[in-house]
Amino acid sequence: MQAISTIESYLCPMQQSNPYQAVRRALRRVKLWQWLAAAVMAACTWGLGYGVAQSDFGRILAFYALFFLVYAGVATLGHRERVGFWLVVAVVLRLLLLPAVPALSDDVWRFLWDGRLLAQGISPFAHLPAWYLEPGHELPGLTAELYGRLNSPAWFTIYPPVAQWVFALSAWLSPNDALGSIVVLRLFLLACELGTLWLLYALCRHFGLAPRQVLWYALNPLVIVEITGNLHFEGAMICFALLSLWLAVQQRLWASAAAMSLSVASKLLPLMWWPFFIRRWRWRRAPAWFAASALLIALLFAPLVWGPLWAHFGESLDLYFRKFEFNAGIYYLVRWLRYLQLGYNDIARIGPALALAAGIGILLMAWRDRRTDWASLPQSMMWALTWYLLLATTVHPWYLTTLVALAALTPWRFPIAWSALAVLSYHAYAATPVQEKMWVVALEYALVSGWLLWEWRTRRRTA
């Protein structure tokens, strides 16, 4: 609660008997350039939410570049006493997207499909979507029109329990109206985003960081567009992971374990961070944290993937590493070298091999990380995730939102640069079928790598 009262003190530093007068005084202290910057960001948010299609790369790039330019200026130059104002702006930008149908991603249609199955008591892992179009298997809401919008109908769903239960809630509250379901999903993610903003602010204060660092996440256009706009559940994963960290800082072991289990049950990615918790919980308490987290995760998964359905979930994970490829870095380089040797795409072996290399690398990072303070944990998590993404076969733009959240708790800024360049990946959707230009991908990774190396060398010289 201290963080909340601090935010309020920035908005209304003098106690006023009349709250209306206090708000008026606070607003008068906001400078004209700040109102103009907020208006530009609002216009770009509106344009990206309502004024583009996935194939409109030129317009996407124009809106995004202007948004990012203003955002970078605000996050860099914003003063401490204006954090409250910009946090209000961040919330307003998200609210602007409340009734928007996701424009830059079609994942939402699988969310609706899975939710409508669960609302009727059927696990989405039971059958492939085409099964419900066969005579005798039809179910209300699972129409041929909705099926035609699915981007991966030939594979079992890959979304874990927290996401699935929210899908089900949206279908239960709005069984026949797609927009109604979308609004329910967005309200949940908005709640998660509000939690994330509070947690980032509280953690910055606790770790002795400048409170304005929260703005790197709060106003980031990639975060706003991909989480609130396109409904990606990294928003829930980030919120629960930060909650787990905040509770760990408070030495609340069981509550931290519960929050981490919810993060993993939103997206599986946080499993990579577990080794970094061992030394920080100390060897005496770490086993209890791990056991509680694992048990809760098993309980969350059990209703959805009992018995043979677990194999279907595992099949989806396996296909992810062996079939899917998009906007990758090191993987594309290795694929090209293997193609010169074999004459075909060897993703079936390269993907799992790079995933194994990522896992081994993260374990080595954790083994070499001798620090036991919680303040250093976000940086360790950031490097682990960076290593994983550099080796991944698929790096969708929204995967980088977690890096942005972690960067807000560190002095590193290459994740912010990467979030700026991630929009280049949308060039692939300008063609039908989707087709990437390798020189664009190479440009993205060259610039990101260059920034990372420059920042690394600069920090080593000043250390």
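The values are calculated or read from the model by the stated rules, or taken from the named source; none is laboratory data. As the structure is a computational prediction, the values presented were derived from the model and not from experiment. Cβ coordinates were reconstructed from backbone atoms using ideal geometry, including for glycine residues, and neighbour counts include every protein chain displayed.
In the range 362-370, is there at least one residue being modelled with pLDDT under 95, within 30 Å of Ala218 (Cα to Cα), crowded, with 19+ Cβ neighbours inside 10 Å and not aliphatic (A, V, I, L, M)?
yes
Check off (1) at pLDDT below 95; (2) touching a Lys or Arg at 6+ places or on another chain (Cβ under 7 Å) for Leu377 and give me the number that stays unchecked.
For Leu377, the exception is condition (1).
Are any residues in the range 406-447 aromatic (Phe, Trp, Tyr) and over 27 Å from Tyr201 (Cβ atoms), and if so, which ones?
Those that are aromatic (Phe, Trp, Tyr) and over 27 Å from Tyr201 (Cβ atoms): Tyr426, Tyr429, Trp439, Tyr445.
List the residue pairs whose Cβ atoms are under 8 Å apart, where the first residue sits in the range 333-347 and is farther than 16 Å from Trp439 by Cα, the second is loosely packed, with under 12 Cβ neighbours inside 10 Å and among the hydrophobic types (A, V, I, L, M, F, W, C), and the two are 6 or more positions apart or on different chains.
Matching pairs, first to second residue: none at all.
Would you check which residues across the range 98-144 are free of Cβ contacts under 8 Å to residues at least 40 places away in the same chain and charged (D, E, K, R) and list them?
Across the range 98-144, the qualifying residues are Glu134, Glu138.
Considering only residues of the range 300-319 that are small (Gly, Ala, Ser) and surrounded by fewer than 14 Cβ atoms within 10 Å (Cβ to Cβ), which is nearest to Trp165 (Cα to Cα)?
Ala302
Here is a yes/no grid of residues against (1) on the phi > 0 side of the Ramachandran plot; (2) in contact with a helix residue (DSSP H, G or I) (Cβ under 7 Å, 6 or more places away or on another chain); (3) modelled with pLDDT under 95:
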site: Leu268; (1), (2), (3): no, no, yes
site: Arg284; (1), (2), (3): no, no, yes
site: Ala292; (1), (2), (3): no, yes, no
site: Leu295; (1), (2), (3): no, no, no
site: Leu304; (1), (2), (3): no, yes, yes
site: Gly314; (1), (2), (3): no, no, yes
site: Tyr331; (1), (2), (3): no, yes, no
site: Gln341; (1), (2), (3): no, no, yes
site: Gly359; (1), (2), (3): no, no, no
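Please identify the pairs in which a residue from the range 385-407 that is in a helix (DSSP H, G or I) has its Cβ atom under 7 Å from the Cβ atom of a residue that is surrounded by fewer than 22 Cβ atoms within 10 Å (Cβ to Cβ) and charged (D, E, K, R), counting only partners at least 6 apart or on another chain.
Ala407/Arg413
Tally up the residues in the range 408-431 that are outside any helix (DSSP H, G or I), of a type in the set (Gly, Ala, Ser) and buried (at least 21 other Cβ atoms within 10 Å of the Cβ), please.
Counting residues in the range 408-431 that are outside any helix (DSSP H, G or I), of a type in the set (Gly, Ala, Ser) and buried (at least 21 other Cβ atoms within 10 Å of the Cβ) gives 1.
Could you say whether any residue in the range 374-382 is under 21 Å from Arg279 (Cα atoms), in a helix (DSSP H, G or I) and free of Cβ contacts under 8 Å to residues at least 12 places away in the same chain?
Checked against the condition, which is being under 21 Å from Arg279 (Cα atoms), in a helix (DSSP H, G or I) and free of Cβ contacts under 8 Å to residues at least 12 places away in the same chain, the range 374-382 yields at least one hit.
Can you pull out the residues in the range 406-463 that are in contact with a Ser or Thr (Cβ under 6 Å, 6 or more places away or on another chain) and among the aliphatic types (A, V, I, L, M)?
Ala430
Only helices (runs of 4 or more DSSP H) wholly contained in the range 191-281 count here; list those with 2 or more residues that are among the aromatic types (Phe, Trp, Tyr) and either buried (at least 19 other Cβ atoms within 10 Å of the Cβ) or within 15 Å of the chain's Cα centre (by Cα) (or both).
So the answer is 215-218, 234-249.
Residue check: is Leu173 over 22 Å from Glu315 (Cα atoms) and not small (Gly, Ala, Ser)?
Answer is yes for this residue.
Yes/no matrix, rows are residues, columns are (1) within 23 Å of Ile297 (Cα to Cα); (2) at pLDDT 95 or above; (3) crowded, with 19+ Cβ neighbours inside 10 Å:
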| site | (1), (2), (3) |
| --- | --- |
| Tyr132 | no, no, yes |
| Pro135 | no, no, no |
| Pro140 | no, no, no |
| Thr143 | no, no, no |
| Gly148 | no, no, no |
| Ala154 | no, no, no |
| Tyr159 | yes, no, yes |
| Ala168 | yes, yes, yes |
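Quick one: would you say Ala291 is over 26 Å from Leu391 (Cβ atoms) and surrounded by fewer than 16 Cβ atoms within 10 Å (Cβ to Cβ)?
When the stated conditions are applied, Ala291 passes them.
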